[in-house]
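Bear in mind these aren't lab numbers, they're just calculated from the coordinates by the rules spelled out. All of these numbers come straight from a predicted model, not from anything done at the bench. Neighbour counts are summed over all protein chains in view; Cβ atoms, including those assigned to glycine, are modelled from backbone coordinates with ideal geometry.
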Amino acid sequence: MTAQPRKNADRAPMLVYKDVRKRYGSFTALDGVSLHVNPGEVVCLIGPSGSGKSTLLRCTNGLETLDGGEVLFEGKPLPKSDVEMRGVRQRMGMVFQNFELFPHKTALENVATGLITVKKMPADEANRRAMALMAKVGLSDKTANYPSNLSGGQQQRVAIARALAMEPHVMLFDEPTSALDPETVGEVLNVMRQLALEGMTMIVVTHEMSFARRVASWVVVFEKGKLLEEGPPTQIFDAPLKERTRDFLSHLGWDG
Amino acid sequence: MDLDFSPLLDSWRFLASGLGLTLALSAAAVLCSFAAGLLVALGRLYGPRWLSVILVFYIDSMRAIPVFVVLVWIYFAVPILTGHTFAPFWAALTGITIHVAAYVAEVVRAGLTSIRRGQAQAGYALGMSTAQVLRVILLPQAIVRMMPAFGSIVSVTIKDTAIAAVIAVPELMRQAETLAGQTYRPIEIFTAVMLIYFVIIFPITRLIDRFYGRVAHLGRS
Amino acid sequence: MNLDWSIVWSSRWLLLEGAALTVLLTALTMLISVPGGILLALMRGSRFKPVSLFATGFVELFRNLPLLLLVYWAFYVMPVLTGLALSPFVTGLTALCLNVSAYNSETFRSGIASIRKGQGEAGLALGMSRAQVFGEIILPQAWRRVLPVLASTWVSLFKDTSLVSVIAVGELAHTAMQIRSQSFRVLEMLTAMAAIYWLMGYPQAKLVDWIHRKYGVRE
């Protein structure tokens, strides 16, 4: 291990995963994963498809239930009851691979919908907040558009604004650029980089190695449902401790 | 509530003959309306303009008028017009066929027009006639897509045969009515007959759902 | 053959009243069976086994029976089950609702199933309750798929109301059949009955086509 101290290691971790296990029938998606995320960290989860990164993310906000182990969010285990879980989800923003904007609502309505439905905020206040977030992701001129009239990159930026509207303590990104045309990947990554600079705690499942290299404060490599290696990006990308990490990165054409 | 199922045991032959007629009427109606419906669809798609205007009018009219009305009209009104009386069975078969054929025609048309135009053009480019294009290229592809709709038409037809009871065709529904009237045990008899119909129709619906799940991907292209 | 069409004109008010009852029966049935169908679809998806089993049984039974049989069955069984003397109208309405709710349930179920799973997850991730996800996200999107099918069901229902005439509900078919047997003007009355159904049903069928064109899923 490198001697480099991990970011905010002195503070209580935001998320702790203890021996997390998840199976789908005979397929083991997570085979005892333990790791933690400190406040303000950008943690990138990398690894081959089907290695369990997305599953771990979906276990974080309870879209999947655990078969074993435990997830602690801000010191408390994830609640079992639906009602309490809803409270936890309000403090976690999630961005999906396929955006999952609501096609029957305009961009602005998408951003405001959580505030109005979940937080019971008056519509005009919610819309004001949504406007500000649309500006933040650089889409002030697209507020009235329906998702079908937006490019993939624009849709994903609206989706990020929608998640941010709830003022989450942590943002979960599930392969946010995998479904995008190459020319729109950059605009989404820029928004994410901006968020990281502002100190947002982020967990990012990604195949964008250059993003992980430059923006992540901590990188976790998955393989077959297990944690293969974790460390700061300099370690993972420049001097991985495990041969399998080097193999995975060289498959992607990463030459350090 | 005290139930007495003994009339069922005493008169099961009476109901069984009704069931036989229901099945016979259903089978005949399905065959006739599929044949008629195919012809109507082809006439509408490939026939001269005046013919397709008439056929569209016929199809839409059948979508507007209840089977019940068609049946009683054929059974009671046609003899007045023509001077010939119809046996109830044949009146029922004619009425159901006229009605169901319109639905079959719609399904066939939708199936045929769902095949990409290039498919027919490829056939013509090989020197095929319209009949050959239909038989060799379009129908085989369309039939797979039409199967679920055909299946539900079969179950609708079986259900429609019960309406023949109102013109005194002694099929299952009519026999049940008669028996209920004779024995004063309507609850037992109608419940039993309900079960019989369910046992016939449910497997067909199930099969459609199963089949639909399997071929749904063929519809997407 | 001697025909006397004046019987149609002289019974116009009776026929009109019958036609009005046909429309009322159709509208009431739909009004009850749309929420009924949604409820059944939700019950079928329930994680509580007895609830989903009951809903499945209900739907499969009532959509796999001839409506005429259901009408008779309701006529004889409902008074025994409820202990009430129900009017033919209520009995007929019940039979139609049982049947159409079962159909609508299937319509809503497949409409709901057509919405990508991620849509619901996106709502959950925002902290919405399952009810909010259903009302805010799933239903509005499923609606587009469901509407054309509901429109077709409406027209079928409009025609099917003729079957409650067998238990003497005074809708169009029953009224026309009554006048026929009192006046012996069989051909005239039956033709008038068919014509009135046609006049009412034809525009509905055309409207359904329009709705299918407007909302239908294009492949």
Applying the gyration tensor rule to the Cα atoms of segment A:148-256 (axes a ≥ b ≥ c; rounded if a/c under 1.5, else prolate if a/b exceeds b/c, else oblate), the class is prolate
On a 0 to 90 degree scale, rounded to 10, what angle separates helix A:107-117 from the longest Cα axis of chain A? 90
Taking the Cβ of residue B:52 as the center, what net charge do the other residues with Cβ under 14 Å away carry, scoring Lys and Arg +1 and Asp and Glu -1? +1
GNM on chain C, C-alpha springs below 10 Å: top fluctuator among C:126, C:40, C:139? C:126
Need the list of aspartates and glutamates near residue C:49 for cross-linking: C-alpha distance under 20 angstrom, and skip anything on the same chain fewer than eight residues off. A:82, C:60, C:106
So if R0 is 22 Å, what FRET efficiency would residue C:215 and residue C:23 give, r being the distance between their Cβ atoms, rounded to the nearest 0.05? 0.40
Where both partners of a DSSP beta bridge lie in the protein assembly as shown, what percent of those bridges are antiparallel, to the nearest 5? 55
Most exposed first by the Cβ proxy, i.e. fewest other Cβ within 10 Å, how do A:91, B:44, B:210 rank? B:210, A:91, B:44
Counted charge near residue B:168, where neighbours are those whose Cβ lies closer than 14 Å (Asp, Glu -1; Lys, Arg +1): -1
Chain C, helix-only ellipticity at 222 nm - DSSP H runs n ≥ 4, -39,500 (n - 2.57), divided by all residues, nearest 500: -26000 deg cm²/dmol
Treat each spin label as a single point 7 Å out from the Cα along the C-beta direction, and report the residue A:144 to residue A:119 distance in nm. 2.6
Would you compute, for the Cα atoms of segment B:78-127, the largest minus smallest coordinate along each principal axis and list the three values in descending order, in whole Å? 53, 20, 16
Nearest 10 degrees is fine. How inclined is helix A:152-164 to the longest principal axis of chain A, computing both from alpha carbons? 90
Under 8 Å for C-alpha pairs, at least 6 residues apart: give me the relative contact order for segment C:6-215, rounded to a whole percent. 30
Cα-based Debye curve of segment B:6-219 sampled at q = 0.11, 0.18 Å⁻¹ gives log₁₀ I(q)/I(0) of -0.64, -1.25
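In segment A:104-152, which trypsin sites (Lys or Arg not before Pro) are in a loop and have at most 12 other Cβ atoms within 10 Å, using DSSP for the loop call?
Those that pass, being in a loop and sparsely packed, are A:120.
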Could you work out how much longer the chain between residue B:9 and residue B:168 gets when fully extended? Use 0.36 nm per residue separation minus the Cα distance between them, nm to one decimal. 54.9 nm
Taking B:2, C:209, C:160 and counting other C-beta atoms within 10 Å, the order from fewest to most: B:2, C:209, C:160
Which whole-number percentage describes the relative contact order of segment B:6-219, with Cα contacts under 8 Å and a sequence gap of 6 or more? 29
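Rg(Cα) of the protein assembly as shown divided by 2.2 N^0.38 Å? Mind showing how you got there, number by number?
On the way: Rg = 32.4 Å, N = 696, 2.2 N^0.38 = 26.5 Å.
Normalised Rg, Cα atoms only: 1.22.
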Quick one: 3J(HN,Hα) in Hz for segment B:130-135, Karplus 6.51/-1.76/1.60 with θ = phi - 60°, rounded, Gly and Pro as x. 4, 4, 5, 4, 4, 6
List every residue whose amide H lies under 5 Å from the amide H of residue C:169, counting only residues 5 or more places away in sequence or on a different chain, with H placed 1.01 Å from N in the peptide plane. none
Let me check I've understood the local charge: for residue A:39, count other residues with C-beta under 11 angstrom from its C-beta, Lys and Arg +1, Asp and Glu -1. What total comes out? -1
Counting only complete DSSP H runs, which helices of chain B cover 27 Å or more along their long axis at the Cα atoms and score a mean Kyte-Doolittle of 0.5 or above? B:12-46, B:88-113, B:139-161, B:186-219
Ranking of A:133, A:101 by count of other Cβ atoms within 10 Å, fewest first: A:133, A:101
Starting from the Cα of residue C:85, step 7 Å along the direction of its Cβ; do the same at residue C:53; then give the gap between the two resulting points in nm. 4.0
Applied in sequence order to segment C:126-131, the curve 6.51 cos²θ - 1.76 cosθ + 1.60 (Karplus, θ = phi - 60°) yields integer Hz couplings, x standing for Gly and Pro, of 7, x, 6, 7, 4, 5
For chain B, what does the helix formula give at 222 nm: sum of -39500 (n - 2.57) over DSSP H segments with n ≥ 4, over the residue count, nearest 500 deg cm²/dmol? -26000 deg cm²/dmol
Separation in nanometres of the label points that stand 7 Å from Cα toward Cβ, at residue C:10 and residue A:241: 10.4
Two decimals is fine: what's Rg over Rh for segment A:101-167, C-alpha atoms, Kirkwood radius as Rh? 0.93
Cα extents of chain C per principal axis, largest first, Å, are 74, 45, 24
Summing -39500 (n - 2.57) over every DSSP H run of at least 4 residues in chain A and dividing by its residue count gives a helix-only mean residue ellipticity at 222 nm, to the nearest 500 deg cm²/dmol, of -10500 deg cm²/dmol
Amide H neighbours of residue A:173 at under 5 Å, excluding residues fewer than 5 places away on the same chain, with H built from the backbone geometry, are A:95, A:203, A:204, A:205
